[in-house]
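*Asks:* Below are the structure tokens for one structure; questions will follow.
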Amino acid sequence: MTQEGFAQRYARILSEYASNGDEGILSQAYELAREAITQGRGLLDLAEVHRLAIEQPAIMAMDQLRVVAVLTECLGAFEMTHRGYREANLTLQGLNRELLRSNSELSVFAHAVGHDLQQPLYTIDLYTQLLGRRFQGKLDPKADELISRMSVTAKHMSEMLAGLLSFARSGGGGEPITRVDIESVFDQVLLDLAVTVSEKNARVTHGSLPTIYTRRLHLTQILQNLISNALKFTPGTPPIVHVSAERGARDWTISVADNGIGIDPADRDRIFKVFERVKSEHDYPGVGIGLAVCRQVVEGEGGRIWFDSRVGAGSTFHFTLPVQHDETPGPRGW
Amino acid sequence: LPSDRVVTVTQGTDINVAREAGRALAAELGFGASERVLIATAISEVARNIVEFAGSGEVELATLRRGTITGISIIARDRGPGIDDVEAAMRDGFTTGSGLGLGLPGSRRLMDEFEITSGPGDGTTVTMRKWLR
């Protein structure tokens, strides 16, 4: 039913009811409103068809109480759904409070794990180093190596805990959605990665990057991880990284392309998991948490993350962020 | 005497008869114009369920007295296939798809009291009451 069809049917019902006052016609008015509601029409659509109908001189001359009865009948259907939304809203508010509480408990827990375990680990590392220094060359050579491995492992665990902390923070939300210029986020990330970029003689470029509605910190976190990975996994040749964005019907797709080593299709599922590493830590240092953070953040925003890649020919990571309502023309009638 | 009535419902036009009877009784009992619209709306929803899911049934309209308070009772009964999962049927959008707040949960919100009993093979009875205040 188009808005025009809605207006025509409403005007016909109005004039019929005004001339005979039949309950069946009133029932039709109700059914018409019900249909309009299931199509997503709002009260202002109803107001519009009512105004168009009463502009006709024939209807203006009719019994005004009956004209009001038809409008009221339609409003009854809207009142019914309005009460539904009000109740649903209360339920959602309750669920949301529960969710926030459970989220904050979880984040406190993750923070405690990440933070409180750092201190004893630091102490273990310290004693290991003392042990190494004190007994270097006095035990057999095997013992020296074991002590040095212990220290390396303790440092690695400390990095993993730091990663866990940042992972816990990425789920925190809290930051409001604002207008964010993707290009300015890109500039900031590049500034943070300036040392690596110059060391590797990398060229990091971007296409046209729009201003969108999103959470700036989250977008920064995603781009930082993806660009830093792109630089890391391009050994030998200078890295060439390109960031682009494309608007779809319901979301933005942002892509980060590189000329790096590429990803084996067999690793497709593992690559986004926490602490999963696809390449040896010796060749590519890191704790294996970056893409897990990206996925958590992207999915938390209601988006998706995936990649296209050919081994040896580079990878392109894509992620989507939903277009917010403020970015689109309002739904009809409102 | 207020006109209590039982309306047999088998087709769309019977819904109008039930609505009209409900509206008339509500007017006699002293319900205001807006409340009469809400009562007719709730009758539409339950009567429409009878036509759509059971094929035939009845809507009983009666006067209620509780102490000094007057109310209207609307009972929709059918001997249709019944509802497997009443709780699910009372959730928004279960039978009405995109129309949040229509159907049975919609009628519940328009009335003061709402009860539904149903089971596979037993038919369905919806009892709704609205009090005059």
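*Asks:* Considering only residues that are over 17 Å from A:GLY302 (Cα atoms) and modelled with pLDDT under 90, which ones fall in the range A:200-224?
*Replies:* Passing the criteria: only A:GLN224.
*Asks:* If you don't mind, there's one more thing I want to ask. From the set of residues in the range A:46-83 that are out of contact with any Phe, Trp or Tyr (no Cβ under 7 Å at 6 or more places or on another chain) and of a type in the set (D, E, K, R), which is modelled with the lowest pLDDT?
*Replies:* Per the criteria, the residue is A:ASP63.
*Asks:* Does B:GLU35 fit the bill of being touching a residue at least 12 places away in the same chain (Cβ under 8 Å), of a type in the set (Asp, Glu) and over 30 Å from A:ILE25 (Cβ atoms)?
*Replies:* No; evaluated as a whole, the condition is false for this residue.
*Asks:* Another one. Which of the following residues is within 46 Å of the chain's Cα centre (by Cα), surrounded by fewer than 16 Cβ atoms within 10 Å (Cβ to Cβ), small (Gly, Ala, Ser) and within 14 Å of chain B (Cβ to nearest Cβ): A:GLY40, A:GLY94, A:GLY5, A:GLY76?
*Replies:* Exactly one of A:GLY40, A:GLY94, A:GLY5, A:GLY76 is within 46 Å of the chain's Cα centre (by Cα), surrounded by fewer than 16 Cβ atoms within 10 Å (Cβ to Cβ), small (Gly, Ala, Ser) and within 14 Å of chain B (Cβ to nearest Cβ), namely A:GLY40.
*Asks:* Output the number of the condition that A:GLN28 fails; it satisfies all remaining conditions of (1) free of Cβ contacts under 8 Å to residues at least 40 places away in the same chain; (2) touching a Lys or Arg at 6+ places or on another chain (Cβ under 6 Å).
*Replies:* (2)
*Asks:* Among the residues of the range A:240-271, which ones are within 25 Å of A:THR153 (Cβ to Cβ) and either modelled with pLDDT of 90 or more or in contact with a helix residue (DSSP H, G or I) (Cβ under 9 Å, 6 or more places away or on another chain) (or both)?
*Replies:* Within the range A:240-271, just A:ILE271 meets the criteria.
*Asks:* Now, a different point. Would you point out which residue out of A:ALA53, A:ALA11, A:ALA110 is closer than 30 Å to A:LEU164 by Cβ, more than 13 Å from every other protein chain (Cβ to nearest Cβ) and crowded, with 17+ Cβ neighbours inside 10 Å?
*Replies:* Of the residues listed, the single one that is closer than 30 Å to A:LEU164 by Cβ, more than 13 Å from every other protein chain (Cβ to nearest Cβ) and crowded, with 17+ Cβ neighbours inside 10 Å is A:ALA110.
*Asks:* Name, by its number, the condition in (1) surrounded by 13 or more Cβ atoms within 10 Å (Cβ to Cβ); (2) under 28 Å from the mean Cα position of the chain (by Cα); (3) within 12 Å of chain B (Cβ to nearest Cβ); (4) not polar (S, T, N, Q) that does not hold for A:ARG86.
*Replies:* Among (1) surrounded by 13 or more Cβ atoms within 10 Å (Cβ to Cβ); (2) under 28 Å from the mean Cα position of the chain (by Cα); (3) within 12 Å of chain B (Cβ to nearest Cβ); (4) not polar (S, T, N, Q), the lone unmet condition for A:ARG86 is (1).
*Asks:* Related question: Which of the residues spanning the range A:195-223 are under 16 Å from the mean Cα position of the chain (by Cα) and assigned to a helix (DSSP H, G or I)?
*Replies:* A:ARG216, A:LEU217, A:HIS218, A:LEU219, A:THR220, A:GLN221, A:ILE222, A:LEU223
*Asks:* All but one of (1) surrounded by fewer than 13 Cβ atoms within 10 Å (Cβ to Cβ); (2) under 43 Å from the mean Cα position of the chain (by Cα) hold for A:GLU31; which doesn't?
*Replies:* A:GLU31 satisfies every listed condition except (1).
*Asks:* Of the residues that sit in the range A:37-82 and are small (Gly, Ala, Ser) and touching a residue at least 40 places away in the same chain (Cβ under 8 Å), which one is nearest to A:ILE25 (Cα to Cα)?
*Replies:* Out of the qualifying residues, it is A:ALA69.
*Asks:* Quick one: how many residues across the range A:229-252 are on the phi < 0 side of the Ramachandran plot and either of a type in the set (Gly, Ala, Ser) or surrounded by fewer than 16 Cβ atoms within 10 Å (Cβ to Cβ) (or both)?
*Replies:* The number of residues fulfilling the criteria is 11.
*Asks:* Kindly indicate which of A:TYR127, A:TYR122 is aromatic (Phe, Trp, Tyr), over 30 Å from A:ARG12 (Cα atoms) and out of contact with any helix residue (DSSP H, G or I) (no Cβ under 9 Å at 6 or more places or on another chain).
*Replies:* None of the others qualify; the one that does is A:TYR127.
*Asks:* Also, I was wondering about something else. Assess whether A:VAL256 counts as being more than 18 Å from the chain's Cα centre (by Cα), surrounded by 15 or more Cβ atoms within 10 Å (Cβ to Cβ), under 15 Å from A:PHE186 (Cα atoms) and β-branched (Val, Ile, Thr).
*Replies:* no
*Asks:* A further question on this structure: Report, by residue number, each residue of the range A:18-31 that is more than 11 Å from every other protein chain (Cβ to nearest Cβ) and in contact with an Asp or Glu (Cβ under 9 Å, 6 or more places away or on another chain).
*Replies:* The answer is A:ALA18, A:SER19.
*Asks:* Would it be correct to say that B:VAL6 is touching a strand residue (DSSP E or B) at 6+ places or on another chain (Cβ under 6 Å) and touching a residue at least 40 places away in the same chain (Cβ under 8 Å)?
*Replies:* When the stated conditions are applied, B:VAL6 passes them.
*Asks:* Quick check, is B:THR13 surrounded by fewer than 17 Cβ atoms within 10 Å (Cβ to Cβ), among the polar types (S, T, N, Q) and not in a helix (DSSP H, G or I)?
*Replies:* The answer is no for B:THR13.
The values are calculated or read from the model by the stated rules, or taken from the named source; none is laboratory data. Fair warning: this is a prediction, and the values are worked out from it, not measured in the lab. As a convention, Cβ positions derive from the backbone with ideal geometry for all residues, glycine included, and neighbour counts pool all protein chains shown.
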